[in-house]
Each structure stands twice: as structure tokens, then as C-alpha cells.
Amino acid sequence: MPYGIMWRRHRRAFHEHFHANTVHRYLPIQVKETQAFLRRLLKTPQNFMHHIRHIFGSTIMSITYGLPVLESDDPYITLAEEVLQGASEAGIPGTFLVDLLPFLKYVPSWFPGAGFKRKAAHYAAINAEVANQPFITVQTKLAEGTAIPCILTSLLEEFPGNEELGRAEEELISRNTAGIAYLAGADTTVSTTQTFFLAMAMHPEVLRKAQAEIDAVMGINRLPDFNDRPYLPYINAIMKETMRWQLVLLELKNELHYIYKLLQPLYT
Ligand code: HEM
């Protein structure tokens, strides 16, 4: 998106609902989802990869749209996962010949070797669906008075009073802001949590120390929650180390570096 009014409004809309002093509103949903996650993990630990994907999909859907998701094969999550799959495929420079020979974008889609065009059209349609489907559902529920308060309902109800943009544009911004939360927030968090499971499997002595800290602070009768965080320095350190150890967006950083190297001759 080019820099301009629309870009600034998108960014402001997202920031309003996700800045450091706002996110505490979402703690109760996170606690509820975490407890459901732990119950699933206890019941079917072998499905931990699925459970990890489910907790973040469900948490973000609840916070952004106030919509429940199915235990498995949720149609919205399946669709959103396909968008992420498309993004990671297209995000690797050089996957398609058109990355290196940009003029190929002008060949018609029936042209031999233009499979990338058909693929792009397929993903463009799914991208639009992912943003539209839950948006329309919440809009309908709002009109019926049955919508659960969430980020999208407040975006739709609290358009800024200035006349800079019309109602249609403000609705588009609300739709996109809600849509991006899933796409930016689901894979990153899933990947970090999978890294945590890997780290604990590789370093059982750390797991034992972490368990001992939890048992010492809250005993065996209750689960930790966000209020306990200041009293769990070892757990906090593990969390930070998990994010540092296997950087989620390292691949993106490497890709940007690759693109920069490719374009460098143009600038020198
Ligand atoms: C472990 C989890 C996460 C990691 C590692 C991560 C990482 C990042 C990074 C590296 C950036 C780029 C920052 C920059 O431009 O310098 C970013 C931006 C962004 N992230 Fe995340 N993120 C995570 C979770 C989330 C979640 C849960 C959401 C939403 C619910 C989210 C939404 C966004 C958005 C919208 C941007 C663009 C911000 C802007 O340019 O204004 N991220 N993230």
C-alpha cells in the first residue's frame, strides 16, 4: 500500500486496538483460551501441533471478530491458512520466473509457463474471501444486535468524526484491519510456541527448573495467570529466549537482504 491517507488510517486503526496500553483488555480471552488449550493438551498430547494452531486461531478470532471457531477443520481458519501458505510461497524471491523477469507479468494467463498468473488469481480470490467472510458475518450480527463486542465492532461503531474519508473507505479500513490481525498474528505466535516445545524437548533440565518455579510460586492447586508474571522470572526468561533463539521472521529478513542485493546495482 503506498504511503498516504489510507495507509495512515489503516495503521492508526490497528494501533488503537493493539498498543501496549490496550492489549490488557484481551487478557481474559487469552486466559480462557489457554485453559482450553491445556485441557486439549492433557487429553491428546500427540496432537500438540494442532492444538497450538487452534489456540492462536481461536484467540485472534475471538478478540477481533467475537466469533467462535470449530474444534477442527474450521472453514475460516482453513481459508486463512491457505492465504498464509500462498504468502510464504510467493514471499521467497525467485520461486517464480516473473520475480527475475518482471515483464512476464504482461503475458496472458493461458500462455505456456504462465502458471504463476493462475496461482496469483487463485490466492487473490482467497485473500478477498478471508477479509470478507467474517466481516460480513459480524456486520449482519451487528444489524441484528447479536454481535459480541470485539475489535471489529468497535472499529465499525467508532469511525473518526473527521470527513477525510467516506463511510465506504472507513468500512474497508475496518475490514482490512481486522483481517490483518489473523494473518500477521497467527503464524508468528504458532511458530514461537512450536519453538518453545522443541526447546523443552531438547532441554529437559530447563523444563524441570521451570516446573519447580511454578510449583513454588502457586503450589499445585491453581494455574498461573498474568498476575503471576512478575513472580516468575525463570518462566519470563524462557519466553524471551524462545523468541530470541529461533527468530520467527529470520526468513523474511534473509529474503529482504536477497532482494536488496538483487536491486543494489540499480542504485549504485
Ligand atoms: C511472536 C509473535 C510475533 C512476532 C515475532 C512478530 C513480529 C513482527 C515483526 C518483526 C514486525 C515488523 C516490525 C517492523 O516493521 O519493524 C511485525 C509487524 C507487525 N505485526 Fe507482528 N509479530 C508477532 C505477533 C503479532 C500479532 C499477535 C499481531 C496481531 C494480532 C501482529 C501484527 C503485526 C502488524 C499489524 C504489524 C505491522 C505493524 C506496522 O507496520 O504498523 N504481530 N511483527
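The values are calculated or read from the model by the stated rules, or taken from the named source; none is laboratory data. Given the structure is predicted, the values throughout are model-derived calculations rather than measurements. Note that we place each Cβ from the backbone using ideal geometry, even for glycine, and neighbour counts take in every protein chain shown. Remember, those area values only see protein heavy atoms, side chains included, never the ligands or the DNA or RNA. Shrake-Rupley method; radii C 1.70, N 1.55, O 1.52, S 1.80 Å.
Just to be sure before I move on: is Y123 at pLDDT below 95, surrounded by 14 or more Cβ atoms within 10 Å (Cβ to Cβ), touching a Ser or Thr at 6+ places or on another chain (Cβ under 8 Å) and hydroxyl-bearing (S, T, Y) in the structure I sent? Judged against the criteria, Y123 is not a match.
Quick check: anything in the range 12-22 in contact with a helix residue (DSSP H, G or I) (Cβ under 7 Å, 6 or more places away or on another chain), farther than 20 Å from S154 by Cα and either modelled with pLDDT under 95 or not hydroxyl-bearing (S, T, Y) (or both)? Within the range 12-22, not a single residue is in contact with a helix residue (DSSP H, G or I) (Cβ under 7 Å, 6 or more places away or on another chain), farther than 20 Å from S154 by Cα and either modelled with pLDDT under 95 or not hydroxyl-bearing (S, T, Y) (or both).
The condition (being charged (D, E, K, R), within 13 Å of the ligand (Cβ to nearest atom) and assigned to a helix (DSSP H, G or I)) is satisfied by just one residue among R9, R40, R53: R9.
Looking only at residues that are free of Cβ contacts under 8 Å to residues at least 12 places away in the same chain and of a type in the set (K, R) in the range 38-59, which one is most open to solvent (accessible area, probe 1.4 Å)? Here the answer is K43. Out of the residues in the range 153-199 meeting the condition of being small (G, A, S) and either in contact with a Gly (Cβ under 8 Å, 6 or more places away or on another chain) or modelled with pLDDT under 85 (or both), tell me which one is farthest from H15 (Cα to Cα). Applying the filter and picking the extreme gives G166. If you filter the range 138-153 down to residues that are open to solvent by 60 Å² or more (accessible area, probe 1.4 Å) and under 22 Å from the mean Cα position of the chain (by Cα), you find that the one that is farthest from I63 (Cα to Cα) is Q139. Is there a residue being assigned to a helix (DSSP H, G or I) and in contact with a Gly (Cβ under 6 Å, 6 or more places away or on another chain) anywhere in the range 69-80? The answer is yes; a qualifying residue exists.
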